[in-house]
Every structure is written in structure tokens, then in C-alpha cells.
Amino acid sequence: MDTGIRLQFDPREHQHLRYNPLRDSWVLVSAHRMKRPWKGQVEKPAEDNIPRHDPHNPLCPGSARANGEVNPEYDSTFLFDNDFPALQPDAPDPGSDHHPLFQTKAARGICKVMCFHPWSDITLPLMQLGEIRKVIDKWAELIEELGSTYPWVQIFENRGAMMGCSNPHPHCQIWASSFLPNEPALAERCQREYLRKHGEPMLVQYARLEAQAQVRVVVENEHWLVVVPYWATWPFQTLLLPRRHVLRLPDLTSEERDGLASIMKRLLTKYDNLFEVSFPYSMGWHGAPTGSHLEEDTSHWQLHAHYYPPLLRSATVRKFMVGYEMLCKEQRDLTPEQAAERLRGLSEEHYRSRGEERGTERGTAPPTDGL
Ligand code: H2U
């Protein structure tokens, strides 16, 4: 029933829909939902007494993995083929001439694991900038190497047991596939359409507008910008964007890679400081497709990383994407602007380093290129 009374719209109080141009979908923002009491599931606090070296942990230097291979005594990053790969290079072709309701296609690929550091009790925000830079260089190398044949190379990190991570040792995974997976395929279509309609790559324009507005910016430096996107679905979701138009990780200059190491450290320190816990998330890189796409015009793409953390209210209360989200559409409980403001206001000194002499412990040296 329309009462005829028109209230002044306040995004923090009044539910509304926001458009996600990367997924061509709408998210329901209902910030007032944060007021509801929570008697639901409370997660176990993240483990924080992880031993630096555990000879029985298959990701540690010198340990034996599931396939019997022994890891070298590595002292930086370490890459190996996943012993339980979801994609293998030589799976037989199932054939594709099936009923429209029972379709299959060939799926081939390769899965790798990359350890970031020899220590199990360290995470990216606690690593030194030079150590993070080595991770970035390795990521770029992998895109170059696997991308020479595979159309999509997904680099992703699941951090924390809450995100299904099976091992606390700092690591990420790399899955290269013979096909463009659903999310990248959607991002491909949306960015292509956007450039056609608006004459500028979507995320290049978006970064510029967000840098001007400053409302959803969390951290920034000369080369990079982190925002809680206007269309964020997870409570503290962020989008990491270069300021320059960059198609893929290997295209980054040395200065941009250093800037990336710094901005990652700053963002992840803020994440950990939010609830004073090693903040769980899934993150991953999206850049222009590779393989045969290397010969095509992919200028509609802009390199970016998504961070999807599940926590909502505290270190132990997460956001569930369940009933309405599964059956209708994604819904969020605080506005992206509120989330950005909270993250922006947090210290860039890691809570685990506080009280220690600055720069004497690993990871405590303050970043040098903050704006
Ligand atoms: P996650 O914890 O993010 O799942 O990554 C650990 C990966 O390491 C996982 O994909 C692999 C698992 O298959 N792994 C090996 O390849 N060999 C081992 O001996 C243990 C774990």
C-alpha cells in the first residue's frame, strides 16, 4: 500500500539494489540488517600457535609430500605440481554430441601449488616487501609460462580454515585450464560490451572515478588502488586495481610490482587488524585471457584482483550466502561505503607487531610508498 509519504533515501537505512557491471547482476543492499541479533553459528577462532617448521607438514621445506617426493630446503617461494590435481593435461575427450540436457565437454589443465615462504607461521602481511615481491614475480612468470598454451590461468589463495584452506603454511594455488571458466567468461563478456558501449575499458574508468570520489577507497599508492566496490557482495570484499591500463600480471613494470607488494601488505594488515585475527579470505587474479587469446584484441580487459573475505561481525561470525542468496540474489548487510570507512580507519601496523621495536621483527618495517 502506498501511503504517499516519501522518505529521504539513506543507503545506510533503506534497502536498494546495486548493479555489478562485471557480472551483469544486481545485489540487494540492506544495511539495516546489521541491527538484527545474532544467535547463529559462531566459528572457531583462527589458530595462532602454528609451529614455524613441522616436518610432518607436506608444504614445509624438506618434508615428504603425499606422492612421496621430498621438498627441497627452499628459502623463498617454492612451486610444485599439485599431487591431487582437479585438472590433468591428458584426460580423454568425453565427446560433445549429446542431448541438450546432458552436455559434456573436454576439460584439461594443470594444477600447481606455490608456497610463499619457508615458514608456516607467517602470512603475506607479515612478510617483508622483498619477499612479497618474489611472490608477485613468480605469479607473473606462471601466467607467462602456462598462459602460452592455456586460455585461462587462475591464481588464487584460500586463506584460513573458514575458506576451506587445508594447510596453514602460506601458499596459493594455480589452476590452468583448456577452457574459460564461468566467472572469467562473464567478466570477458561484460568488459567487452562496456568498452563497445562506453568507449573506455570498464575498470580503467571505474578506478579513475573511485580515486576521484574517495568514498570507497581503502588504500592507494602511485600505481594501485584498493576499493570496496560499489557492488560488493561480501561484507569486506575489495577490488585491487592498477591505475594504468594493464592487461596481465607479466605486463607490470618493476615499480608497479614493488607498489603492488606494498599495497598488498597494507591491505592485508588492515584486514588482520579489523578483528585482530589472521583474516580469512579467498583472493584471486583476473587478467585478459591467454593461450589463443594472446593473438586477439583484449583491450577491454583490465587486470584486477578480487578479495572475498567471509567475516561479517567479528572474528567468529561470518556472512552466510544461503537461502535468499542461493535462491534469489546476493544480499549484503552493511553498505560498501561503511565497510570502506572501517577498513580505511584501521592502522597499517600489524596487531601482532605492536609494542615491538619497529623494523626489528619481520614485517614490522612500515611501507615506504603510502600516499
Ligand atoms: P589448500 O589448502 O588451499 O587446499 O591447498 C593445499 C594444496 O596442496 C591442496 O590443493 C595440495 C593439496 O592438493 N597438496 C599436495 O599437492 N601434496 C601434498 O602432499 C599435500 C597437499
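Read the figures in this text as sums done on the coordinates, not as results from a lab. Here the structure is a predicted model, which means the values were calculated and not measured. Positions of Cβ are backbone-derived with ideal geometry, glycine not excepted, and every protein chain shown enters the neighbour counts.
Points worth noting:
- Longest to shortest principal axis, alpha-carbon extents of segment 167-246, angstrom: 40, 32, 25
- Protection-proxy order for peptides 204-216, 161-173, 224-236, 115-127, each taking the mean of Cβ atoms within 10 Å per residue, highest first: 224-236, 115-127, 161-173, 204-216
- Cross-link pairs LYS265/LYS319; LYS197/LYS319; LYS197/LYS270 - those with Cα-Cα distance over 26 Å: LYS197/LYS319; LYS197/LYS270
- Taking a Cβ cut-off of under 12 Å around GLY62, the surrounding Lys, Arg, Asp and Glu residues balance to a net charge of -3, with basic ones at +1 and acidic ones at -1.
- Using R0 = 25 Å, the C-beta based FRET efficiency linking ASP75 and GLU43 works out to 0.15.
- Distance between the 7 Å Cα→Cβ label points at ARG196 and GLU325: 3.2 nm.
- Available extension along the chain between THR316 and GLU349 is 9.7 nm, counting 0.36 nm per residue and deducting the alpha carbon span.
- Calculated log₁₀ intensity ratio I(q)/I(0) where the Debye formula runs over C-alpha points of segment 134-283, q = 0.10, 0.11, 0.18 Å⁻¹: -0.39, -0.48, -1.43
- With the biggest extent put first, the Cα atoms of the chain measure 73, 64, 43 Å across the principal axes.
- For segment 78-177: rounded, prolate or oblate by the Cα gyration tensor [a/c cutoff 1.5]: prolate
- Amide H contacts of GLN154 (H built 1.01 Å from N, in plane; Pro and chain starts excluded): TRP175, ALA176, SER177 sit under 5 Å, all sequence-distant by 5 or more or on other chains.
- Computed from the Cβ-Cβ distance with R0 of 30 Å, the FRET efficiency linking GLU276 to ARG6 stands at 0.10.
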